[in-house]
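Everything below concerns the one structure shown next.
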Amino acid sequence: MAILQLLIGTNIPFMKFRTVTYMFSGALILATAVWLIVHGGPKYSVDFTGGTLIQLRLSRTLSADGVRKAIDASGLRGVELQQMTGENRNEFLIRLQATEGHQNPFPLIQQAIAARFPGVQVELRRTEQVGPKVGSELRQKAIWAVLGSLVGILLYVGIRYEFKFAFGAVVALFHDVFVTLGMLCFTGREVSLTVVAALLTIAGYSINDTIVVFDRIRERSKALRKEKHSRAMDIAVNETLSRTVITSLTVFLTALALFIWGGEVLRDFSFAMLVGVGFGTYSSVYVASALALDIWIRLDRRKGISAE
Amino acid sequence: MTRDQWKLLGVLLVTAASLWVLYPSYRFYSMTPAQRAALPAQELAELRRKAVHLGLDLQGGMHLVLEVEHQKLTPAQVRDATDRAMEIIRNRVDQFGVAEPLIQREGEDRITVQLPGLTDRQRAIELIGKTALLEFKLVRTPEETQNVFQRLDAYLASRGVTEGLADTALKRMPLTGHFLGTEGTAAFVRDQDSPIVTKLLATPGVDSIIPSDSQLLWSGPETSAGATGRYLYVVKRESEMSGGSVAAAEARVGLEQTNPGAWGVSMKLTPKGRADFARITGNNVGRQLAIVLDGVVSSAPNIRERIPSGDASITGNFDIASSKDLAIVLRAGALPAPVRIIEERSVGPSLGSDSIQEGVTAGWIGTVLVVLFMAVYYQLSGLIAIVAMVLNIFYLVACMAGFGATMTLPGIAGIVLTIGMSVDANVLIFERIREELRNGKSVRQAVDVGYSRAFRTILDAHVTTLISALFLIQFGTGPIKGFAVTLIIGLIANMFTAVLFTRMIFDYWLSRGKAQRLSI
């Protein structure tokens with residue numbers, strides 16, 4: 001038998017706290033919505049706005065101020081300059097607005113820096129240039145992909161589960177994706193194609209824990225019939241708690257490894273995965289299960305069954 | 001054979017097939033550059049084709065999406081122009097010498113160009129994007145030229161563009177007043193005057209002042225009397241000859257007598273082109289013939305005598321690289337319509353190899369964390385899950401090699417996440433088995449119930465993730481597609497390894513002794 005067991009035989013009255021967590025989730029969603037309205041949407045990367053991103057590495061570390069002056073002297077306007085941190089302090093991210101058919105300004109920037117700081121080598125690490133037309137196409141595709149997969153999952157869950165479960169699961173899904181988007185916004189991160197990939201993965205993955213809980217309720221429906229609905233839900237959540245936590249934990253560990261060691265290019269992606277997996281676990285209990293419970297109670301009350 | 005033996009055979013076959021598919025990748029990526037160079041080219045190409053392809057974000061390189069400008073074309077012509085442009089670009093890239101370029105059409109009017117491992121992006125962009133429309137046009141005589149400029153002056157003055165100017169000379173000569181001396185057939189405009197001259201020439205009605213059989217053309221950057229600027233020419237609108245008459249072109253030095261060290265392109269004309277050229281030069285001795293590339297006058301040499309040899313040359317501001325590239329585009333021909341770069345994603349070789357290294361590091365650390373957790377928490381059963389997870393990753397990479405899918409950085413992220421997700425199914429099964437054991441079931445019963453009860457949950461969980469991944473595939477861009485592909489293959493392989501394979505091991509384990517205890 002097992003030597004090590006976590007979260008077995010727990011009897012936590014999860015559903016008792018659901019008013020508080022509804023408020024917590026509601027606050028998060030409201031904060032995200034307010035942020036999005038105030039800022040006119042998330043901070044999109046060049047993938048979606050169109051424009052140019054240049055990442056360059058200098059042979060020695062210069063101050064952001066010096067580099068900015070050099071670029072200003074080149075006559076380029078609307079340049080957003082960002083110095084990278086830690087070991088990559090000699091690297092800079094440069095963003096420019098899109099104009100259709102313009103040239104990539106890297107050669108200009110290279111010359112400008114070389115002219116101001118003789119002897120400094122400028123290496124192009126990467127550049128992404130997206131025309132406004134392609135940007136808006138990608139934006140459209142991203143929106144369709146997110147909506148499409150949400151609807152796809154909704155349909156699948158709707159076919160496999162009763163309405164009350166499907167509803168809870170899908171609201172939880174929206175919750176996870178939206179809150180993750182909010183966390184990206186609050187931390188000043190950009191929504192790029194890879195971040196959209198992370199959001200979609202979260203949509204597909206975060207529902208797994210919910211499925212585990214719902215399967216348990218369905219399986220034990222006979223035994224739990226005598227219990228109050230909230231008690232039945234608590235039993236199901238407690239019985240599956242170790243699963244919910246451990247499955248998320250393994251993915252969380254790998255996402256954490258990506259976040260810490262996976263490099264700059266993947267950082268926003270892995271950040272989104274970390275947040276999404278974390279909130280996915282929480283929401284399977286406090287959004288999906290809690291909402292399913294409230295609908296369950298309401299439906300039974302309408303049928304004249306005393307549920308609570 | 002029993003059912004268990006069939007299963008074992010299945011697993012062995014799949015594993016053997018994966019090994020076989022992965023062997024070329026192992027060989028290719030473990031070779032040193034010197035060993036690769038020692039291989040016969042054909043064998044190396046074969047090996048490269050069979051190995052897992054690395055995306056441009058990992059090996060460094062350039063991804064371009066070009067759009068054919070088609071405002072002036074009918075829909076039927078667009079497709080044709082795109083196809084022809086694609087062929088010409090392919091020719092240019094082949095002559096440029098890039099290993100494994102990928103050039104393909106995307107939709108009606110777009111062309112995707114992928115150049116792996118390319119370092120000189122600026123040069124590649126110029127080579128690919130240049131229309132390379134070569135025309136030979138007669139320059140108007142000095143009298144004709146001055147006449148056009150004077151008429152423009154008079155027109156612009158009458159339009160009142162000079163109102164409010166103090167300078168009386170400019171009032172009288174709004175256009176030529178900006179010229180730094182008119183050298184017979186061409187006017188020199190300094191860089192600082194260039195914007196205003198361009199603006200003046202854009203004044204409505206200017207087109208009607210210039211005779212309809214003539215046009216104004218700029219030269220490339222030049223210097224005159226120590227100032228940098230460009231020459232403005234008046235040339236005959238109709239071209240005498242086009243680049244289609246060029247049979248061969250090569251970069252050379254010493255084409256200009258006045259500047260023998262300068263690079264340029266020397267051309268051999270086709271037989272018909274040679275006859276035309278002889279006739280044109282014969283008829284126009286003493287005049288200037290402008291060599292116009294993409295609407296810019298490269299040079300405008302004097303025709304001293306009839307040239308029957310069919311040798312022509314282009315000189316101007318060239319260095320060795322730009323003259324070589326011009327020779328390439330002249331040989332490959334002009335694009336049927338201008339193309340525009342609407343998307344570029346370039347990754348330098350250093351970032352590519354850093355990304356691989358970081359991705360692999362993250363992968364190993366993630367693996368170690370998951371392995372430690374599973375081994376400590378589930379003991380021997382955990383080890384089974386670990387073997388299943390390793391098999392899963394192994395099959396995943398084998399599938400990518402087998403289907404010729406491309407490994408990208410998000411793809412590596414997908415693999416790392418798959419490491420964490422692939423044990424999920426086993427966690428669900430093991431937790432269920434533990435629960436049944438706690439409820440007093442025998443080991444055999446617990447395993448049976450564990451697998452059968454957890455299966456439905458596992459299937460549902462896989463399907464929802466699969467739905468999201470399928471929606472990701474529709475993003476045509478390489479890296480994201482790579483992520484979606486790894487996720488999908490990982491999910492499917494997982495059903496095989498985490499459910500079928502581990503069950504087989506459990507069955508074997510239980511059938512050996514009268515197992516009373518399970519290390520779980």
Segment A:143-167, subset under 23 Å from A:Asp294 (Cβ atoms) and among the β-branched types (Val, Ile, Thr), residue surrounded by the fewest Cβ atoms within 10 Å (Cβ to Cβ):
A:Ile159
Assess whether A:Leu124 counts as being away from every other protein chain (no Cβ under 14 Å) and either at pLDDT 90 or above or assigned to a loop (DSSP other than H, G, I, E, B) (or both).
no
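Conditions tested, residue by residue: (1) within 11 Å of chain B (Cβ to nearest Cβ); (2) surrounded by 13 or more Cβ atoms within 10 Å (Cβ to Cβ); (3) more than 28 Å from A:Val195 (Cα to Cα).
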position: A:Leu28; (1), (2), (3): no, yes, no
position: A:Val34; (1), (2), (3): no, no, no
position: A:Val38; (1), (2), (3): no, no, no
position: A:Ser59; (1), (2), (3): no, no, yes
position: A:Val79; (1), (2), (3): no, yes, no
position: A:Ala112; (1), (2), (3): no, yes, yes
position: A:Pro118; (1), (2), (3): no, no, yes
For A:Ser221: the one exception among (1) of a type in the set (Ser, Thr, Tyr); (2) more than 11 Å from every other protein chain (Cβ to nearest Cβ); (3) under 20 Å from B:Ala498 (Cβ atoms)
(3)
Let me confirm something: among B:Leu487, B:Leu437, which residue is more than 50 Å from the chain's Cα centre (by Cα) and part of a helix (DSSP H, G or I)?
B:Leu437
Residue in segment B:209-228 that is surrounded by 15 or more Cβ atoms within 10 Å (Cβ to Cβ), closer than 25 Å to B:Leu175 by Cα, of a type in the set (Asp, Glu) and touching a residue at least 12 places away in the same chain (Cβ under 8 Å) present:
yes
How many residues are touching a residue at least 24 places away in the same chain (Cβ under 8 Å), under 16 Å from B:Leu417 (Cβ atoms) and of a type in the set (Val, Ile, Thr) if we restrict to segment B:347-379?
3
Taking the options A:Ile202, A:Ile211, A:Ile217, name whichever one is modelled with pLDDT under 90 and buried (at least 20 other Cβ atoms within 10 Å of the Cβ).
A:Ile217
Of A:Val134, A:Val170, the only residue that is among the β-branched types (Val, Ile, Thr), surrounded by 19 or more Cβ atoms within 10 Å (Cβ to Cβ) and closer than 30 Å to A:Thr244 by Cβ is A:Val170
I'd like the full set of residues that are crowded, with 19+ Cβ neighbours inside 10 Å, touching a residue at least 40 places away in the same chain (Cβ under 8 Å) and closer than 28 Å to B:Ala41 by Cα, limited to segment B:84-111.
B:Ile88, B:Ile89, B:Arg92, B:Phe96
Among the residues of segment B:460-477, how many are more than 7 Å from every other protein chain (Cβ to nearest Cβ) and either outside any helix (DSSP H, G or I) or over 20 Å from B:Val423 (Cβ atoms) (or both)?
3
Among the numbered criteria (1) away from every other protein chain (no Cβ under 14 Å); (2) surrounded by 11 or more Cβ atoms within 10 Å (Cβ to Cβ), which one does A:Val20 miss?
(2)
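For segment B:105-151: of the residues being assigned to a strand (DSSP E or B), under 23 Å from B:Asp83 (Cβ atoms) and of a type in the set (D, E, K, R), which is farthest from the other protein chains (Cβ to nearest Cβ)?
Looking only at segment B:105-151, we keep the residues that are assigned to a strand (DSSP E or B), and these are B:105-106, B:110-116, B:134-139.
Right, trim to under 23 Å from B:Asp83 (Cβ atoms) and you get B:105-106, B:110-115, B:134.
Keeping just the survivors that are of a type in the set (D, E, K, R) gives B:105-106, B:110.
Working: B:Arg105: 16, B:Glu106: 11, B:Arg110: 9 Å.
Out of the qualifying residues, it is B:Arg105.
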Residue ID - farthest from A:Leu6 (Cα to Cα), chosen from residues in segment B:431-459 that are more than 11 Å from chain A (Cβ to nearest Cβ) and of a type in the set (Lys, Arg)
B:Arg444
Among the residues of segment B:442-456, are any small (Gly, Ala, Ser) and not in a helix (DSSP H, G or I)?
yes
Restrict the check to segment A:273-281 and report whether at least one residue is aromatic (Phe, Trp, Tyr) and at the interface with another protein chain (Cβ under 10 Å from one of its Cβ atoms).
no
When you scan segment A:136-177, how many residues do you find that are of a type outside the set (A, V, I, L, M), within 9 Å of chain B (Cβ to nearest Cβ) and touching an Asp or Glu at 6+ places or on another chain (Cβ under 9 Å)?
3
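Considering only segment B:134-147, how many residues are more than 16 Å from B:Phe188 (Cβ to Cβ) and in contact (Cβ under 8 Å) with a residue 24 or more places away in the chain?
The total comes to 8.
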Out of the residues in segment B:23-46 that are of a type in the set (A, V, I, L, M, F, W, C) and closer than 23 Å to B:Ser355 by Cβ, state the one that is surrounded by the most Cβ atoms within 10 Å (Cβ to Cβ).
B:Phe28
Could you run through segment B:368-385 and say how many residues are in contact with a Ser or Thr (Cβ under 9 Å, 6 or more places away or on another chain) and either surrounded by fewer than 21 Cβ atoms within 10 Å (Cβ to Cβ) or among the acidic types (Asp, Glu) (or both)?
5
Residues that are more than 8 Å from every other protein chain (Cβ to nearest Cβ) and aliphatic (A, V, I, L, M), drawn from segment A:197-211
A:Ala198, A:Leu199, A:Ile202
Residues that are under 21 Å from B:Ala278 (Cβ atoms) and hydrophobic (A, V, I, L, M, F, W, C): does segment B:337-355 have at least one?
no
Given (1) within 8 Å of another protein chain (Cβ to nearest Cβ); (2) over 19 Å from A:Ser248 (Cβ atoms), B:Asp424 misses just (2)
Report yes if B:Phe496 is over 31 Å from the mean Cα position of the chain (by Cα) and crowded, with 24+ Cβ neighbours inside 10 Å, otherwise no.
no
Boolean, B:Phe318 is in contact with a Leu (Cβ under 9 Å, 6 or more places away or on another chain), modelled with pLDDT of 90 or more and buried (at least 16 other Cβ atoms within 10 Å of the Cβ):
no
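The values are calculated or read from the model by the stated rules, or taken from the named source; none is laboratory data. Small disclaimer: the values here were computed from a predicted structure and weren't measured. Quick reminder, even Gly has a Cβ in these numbers, built from the backbone with ideal geometry, and neighbours come from all protein chains shown.
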